[in-house]
Amino acid sequence: MRTDSFQQILEDLNSSSADVEASALISNDGLMIASALPSGVDEDRVGAMSAALLSLGDRAGRELARGSIDRIMIQGEKGYVIMTSSGDEAVLTIMAKPNAKLGLIFLDIKRASEALAKLI
């Protein structure tokens, strides 16, 4: 079943680095497809915000003549939220620790995003 495959890819992403704390695959309209989020995190909120931010970032990239975007990254005092498209129909969102090695995480995100896009 595809849902099991989505879940496995997310869990593999979370375990690929001690810096990755959570991940989720979300439809472009904000509905959760699969997630590996810690307890206490509101999946609906993560889904809605991820889809909205990626859509707004994509629009800003076009309007400001930056082209299509690779990712949206939010850096806060408690860590990072990174969103990227996974195919044309979904958003991959991850949460990482504040001292995360971003280069390695970007590589892991790219691999996971491509694997998820093939299944969608």
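With protein chains left intact and a 1.4 Å probe, residues in the chain average 59 Å² of accessible area per residue. In percent, rounded to a whole number, the relative contact order of the chain is 27, using alpha-carbon pairs under 8 Å and six or more apart.
Extension gain, Lys110 to Gln8, is 35.1 nm, computed as 0.36 nm per intervening residue step minus the present C-alpha separation.
Pairs of Cα atoms in the chain fall into 10 Å distance bins, from 0 up to the last occupied one, in shares of 14, 49, 32, 4, 0 percent.
Where does the charge balance sit around Ala51 when Lys and Arg score +1, Asp and Glu -1, over other residues with C-beta under 12 Å from its C-beta? Kindly include the intermediate steps, with their values, before the conclusion.
On the way: positive: Arg45; negative: Asp29, Asp44, Asp58, Glu89.
Taking every other residue near Ala51 into account, the sum is -3.
Is it possible to state the helix-based mean residue ellipticity at 222 nm for the chain, with each DSSP H run of 4+ residues giving -39500 (n - 2.57), the sum divided by total residues, to the nearest 500 deg cm²/dmol? What is it? Taking each H run of at least 4 residues, the total per residue is -15000 deg cm²/dmol.
Report, to the nearest whole %, how much of the accessible area of the stretch 38-120 belongs to carbon and sulfur atoms, 1.4 Å probe, protein only.
Working: 2700 of 5290 Å².
Percent of accessible area from carbon and sulfur atoms in the stretch 38-120: 51.
Rounded to the nearest 10 square angstrom, Arg2 shows an accessible area of 130 square angstrom against a 1.4 Å probe.
Based on C-alpha pairs under 8 angstrom that are at least 6 apart in sequence, the stretch 51-120 has a relative contact order of 24 percent. Note on Gln75 and Val41: the model spin-label points, each 7 Å out from Cα along the C-beta direction, lie 2.0 nm apart.
The values are calculated or read from the model by the stated rules, or taken from the named source; none is laboratory data. Computed from a prediction, not measured in an experiment: that's the story for all the values here. Note that each Cβ is placed from the backbone with ideal geometry, even for glycine, and that neighbours are counted across all protein chains shown. Accessible surface is based on the protein model in full, side chains and every heavy atom, while ligands, DNA and RNA are left aside. Shrake-Rupley method; radii C 1.70, N 1.55, O 1.52, S 1.80 Å.
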